[in-house]
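Notes follow the structure.
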Amino acid sequence: MTTHGDEHGDDTPEGLSWRLDADHFPRPVPWMLSDYMRLACDAGFNATARTFGAGVRLASRRIAGYHYATTYHAPVTDAEAKAALRMDRWALPLKETWDEEWLPEVQRALAYWSAFDLENASEERLLEHLARTIELSKRIWTVHFLLVWTMDTTISLYHEAFVGLFGSDPELGEADLLRGESNRLLDSEQALWNLSRIARESTPLRSLLASGLHDEALCLLGDRTRLDADPVLARFAAEWGRFLDEFGRRSSYFDHLTAPSWTEDPWPVLTLVGQLCGADVRKKQEPELVFEQREQAQARLGRYLARFPVRVRKYFLQLLDAARTATALHETHNYWIDQRCVHEVRRVVLAIGRCLVERGSLERVEDTFELGLTELSQLLGEPRSASTDEGWRSTIEQRKLETAGMENPTPPNVVEDGDADAEPSGDVEPSDGFEDDALFGVAASAGIVEGIVRVVHGIEEVRDLTGAEVLVTTTTAPAWSLFFSAIAAFVTETGGRLSHCAIVAREHGIPCVVAVPNATRLLRDGDRVEVDGTTGAITLVARASG
Amino acid sequence: MRISGIVRLNEAAARDIAVAGGKAARVARLASEFDVPAGFVVTGDLLGDRVLPVAERARLRERLAPYLLELGAGGVAVRSSALDEDGGSASFAGQYLTLLNVEGEDAVIDAIEAVFASATSERVESYRSTDGGAVTTRFAVLVQHCLHADLAGVAFTRNPASGAREIVLDASYGLGEGVVSGTVSPDSYRLTYELEIVERSLGEKLTMTVPWDTGVREVQVPRALRDTLAATDAQVCAIASLACRVREVEGFDVDIEFAFEGDRLFLLQSRPITTHRSAE
């Protein structure tokens, strides 16, 4: 493998095809996000690949402001193959490994970050802290991929065993058996719903939220005199604080590093609460009902299992347990690693940014996000001069242009190494993807429902929910699931059966179809559609008038 | 067909090949020395209609009831036991029908009818044949408690390929039909007569036969269980020991069919080892 030797500093082979990571970052990203992904996320993936003796590697890079990624083949030496751990052996002990190894490791890292006094640290201490943060990040993301690969293997093994033993008739309840596990995403959704119930009771708060007067609402929540006089408002303020503390250390979508967190800017949460306020009834299937369905499915299978060879019965039941854990961890790990740990890195970077602004090296704290983490160490640690400062500033300005200048055009989905100019192409004519008035995607959550399309690109666009909405979005960000108790169905352009929204949609019992190409352009606000989450079909019943 | 009698396996008549047919008589004889699934033999005649008239059916239901009750809950295995079956070559190879996990009196009668019917056609043909072999119209059906086998297979007290004086054993998950018929690649062992395991060979074990709603079904063995030996060494030694004891009792080398249900090891069948495997 020849060294690519560009400013990315990576050693990926030449001649690769880079694919836009539209699932996570369909918009341009600041430099540091790509840098962090490469440094921590790719490294974690590749370390895991070596652990399991898998001959695949992940690489990512920023091209014209967008985040691209690729996988490529890497030879596995005989020694590595011999030493490789078998992924399938990790499936059965998954819960144990998470509870006793991985989660404690993540929580130790969070404790380290939380204990460090960012406010009063010297530049020297910050430099050390940054180095430690980078090392911790690599390790955390290794844990992330060990977990993700094991989870995926577990669910795969469960599916294979289930179909092999019982067949693939959907009536058998293969998916039902996995439902009913709580996870951190469902917890946050529940907390948000509870907040909305309290808000409903408060007339002043409710009307401020309905009018989108978020600043006024925040003022109200900080007004001691008002809180003392109004017990409902006080109750909301207390729950609000608890919610932000537990679930607010994240941004709205997938970029928890460079995008502001809810603790810094709680507007998105006020928007969510305001919108849920209007919902009279929660659509979520009652936990008791979900559990009952699960027990029934298990009893049906139990009749057959009772007569199977004892070792098969025992193994299947253990695998079922592990698959339930995997389903829960699918969302829960996202909370602990993708959100909480990355949020801590953001805090470190912001603290360094404040430091650099104070000494005059940077103009704005947010400018730090146009540097890589290694570059940031350099800037912080090297001997300063007017010219070095100027050099960094001009690099930052250049990169900011890229990040901001590409808002409208559609970036190419694939960029080949060696393409002279990776310029994003112009607006692509959306092809008419309808087949007999239907669009098709991957069936992610069963059920059929008719509803009104609402195409949204941001959670702030979701307003005035009536419960009949079919939300149509580009990505499967966990944040969308926070609306699931108040809508009829969910459709996205990207994702797969194991996407966050898929799992949560199944818990709520609402139909969900993912990976429908160009859904946000082919469907329009007001269209009446039938969403079939069992077959993956979205049928146009009536076009919106006008 | 006409039903003449019902004989329990532990009754003397069951051991008589002229009454119970070759297969059932062998099983009955083994039952006196070894753990064999409990059962009975239904004797009859192939003449007349293929299907029992309604009145006959009702009578048979009444007669069968206590025998089936004795076998306890769960399904039964219904097997043909031809009366002119000899120990070696098989004259009517295709007719030996076996129905597993049959549950309920009506289903058992249907199964008995089916087994009788499968024997009828070939025999009627043979009446017209000129080879002159003696053929009887009397027939028997072996009904036994159907095990929920955890592990099953076959064991030889002499290597069937090389003739070496050692025990060769094939075992896999579930009911043994797959191993016996060769549709499953089982684990394979070789042992000395002192019950020392000298070779263990991991088989593919892709599928296993298990009781289903009615009858049985061939399902896939989960991957993790294919990758390991189905039997423990202790189970293997127990099976080999059983094979040796059968050889002692019979006085010649044998090929046995066995099954484990929980901790209990059952003997299902035994045949003398001949140069060519008996087709059955």
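Things worth noting here:
- Prolate/oblate/rounded call for region A:132-277, Cα gyration tensor, a/c under 1.5 rounded: oblate
- Candidate lysines for bridging to B:Lys23, where Cα separation is under 29 Å - those fewer than 8 sequence places away on the same chain excluded: B:Lys205
- For A:Lys95, the lysines whose Cα comes closer than 21 Å to its Cα, not counting residues fewer than 8 places off in the same chain, are A:Lys314.
- Per-residue average of Cβ from other chains inside 10 Å of A:289-302: 0
- Alpha-carbon Rg with Dmax, taken over region A:265-332, Å: 19.3, 58
- Normalised by 2.2 N^0.38 Å, with N the number of residues, the alpha-carbon radius of gyration of region A:281-373 equals 2.03.
- Whole-Å distance, taken between Cα centres, linking region A:34-112 and region B:211-259: 43
- Alpha-carbon centroids, region B:25-51 and region A:317-336: separation in whole Å: 52
- Selection from A:Thr474, B:Thr137, A:Thr70 lying farthest towards where the dipole of the protein assembly as shown points positive, charges on Cβ: B:Thr137
- DSSP beta bridges fully contained in chain A are about 75 percent antiparallel.
- In loop segments of region B:160-205 as defined by DSSP, there are no trypsin sites (Lys or Arg not before Pro) with at most 10 further C-beta atoms inside 10 Å of their C-beta.
- Global geometry of the protein assembly as shown, whether rounded, prolate or oblate, following the gyration tensor of its Cα atoms and the 1.5 cut on a/c: prolate
- The equivalent ellipsoid of chain B has semi-axes of 32, 22, 17 Å, largest first, where each one is the square root of 5 times an eigenvalue of the Cα gyration tensor.
- Cα gyration tensor shape for region B:208-254, rounded if a/c is under 1.5, else prolate or oblate: oblate
- With semi-axes defined as the square roots of five times the eigenvalues of the C-alpha gyration tensor, the equivalent ellipsoid of region A:40-173 measures 34, 21, 16 Å, largest first.
- Charge sum, other residues only, whose C-beta stays under 13 Å from B:Arg59's C-beta, Lys/Arg counted +1 and Asp/Glu -1: +1
- Cleavage-rule hits, trypsin sites (Lys or Arg not before Pro), region A:282-345, DSSP coil, Cβ neighbours within 10 Å at most 15: A:Lys283
Readers should treat all values here as calculations from the given coordinates under stated rules, not as data from a laboratory. Predicted model only: the values in this text are computed from it and were never measured. Because the Cβ atoms are built from the backbone with ideal geometry, glycine has one as well, and the counts that use them run over all protein chains shown.
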